[in-house]
Amino acid sequence: MKIEHERKGDDGFFYVEQNGEHLADMFYTMRTPSEMNIYHTQVSEEFKGQNVGLQLVEAGVAYARQHRLKIIPSCSYARTVFARHKELQDVLA
């Protein structure tokens with residue numbers, strides 16, 4: 001599964017697209033030049049139970065590491081992922 005990323009100014013999102021339709025999204029905004037706030041994650045019924053949400057958060061973590069950013073997970077799903085996956089916590093603000 002290919003996860004795409006788009007960023008325009010301070011806002012961005014990671015997503016999975018199929019036949020021109022977004023089936024999973026994770027939205028963020030840059031609160032400061034070095035902190036990204038993950039504020040919403042959604043996954044279509046078609047992908048439920050396939051860890052697609054986790055993969056979106058992992059893509060965000062990879063992006064944060066690459067750009068030396070810290071993450072603020074205000075989305076309840078993202079908070080749960082960080083709580084369960086200690087290996088991702090190095091990017092927490």
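Read-outs throughout are calculated quantities, based only on the coordinates presented, and are distinct from any laboratory measurement. None of the values given here were measured: they were computed from a predicted structure. FYI the Cβ positions are ideal-geometry reconstructions off the backbone, even for glycines, and counts take in every protein chain you see.
Arg31 fulfils the conditions (1) of a type outside the set (Ser, Thr, Tyr); (2) in contact with a Cys (Cβ under 7 Å, 6 or more places away or on another chain); (3) in contact (Cβ under 8 Å) with a residue 40 or more places away in the chain except for a single criterion, (2). Within the stretch 63-81, if we keep just the residues that are touching a residue at least 12 places away in the same chain (Cβ under 8 Å) and farther than 20 Å from Arg7 by Cα, the residue that is surrounded by the most Cβ atoms within 10 Å (Cβ to Cβ) turns out to be Val81. Determine, yes or no, whether Asn51 is surrounded by fewer than 17 Cβ atoms within 10 Å (Cβ to Cβ) and not aliphatic (A, V, I, L, M). When the stated conditions are applied, Asn51 passes them. When the test is whether a residue is of a type in the set (Ser, Thr, Tyr) and either in contact with a helix residue (DSSP H, G or I) (Cβ under 6 Å, 6 or more places away or on another chain) or assigned to a strand (DSSP E or B) (or both), Tyr15 passes it.
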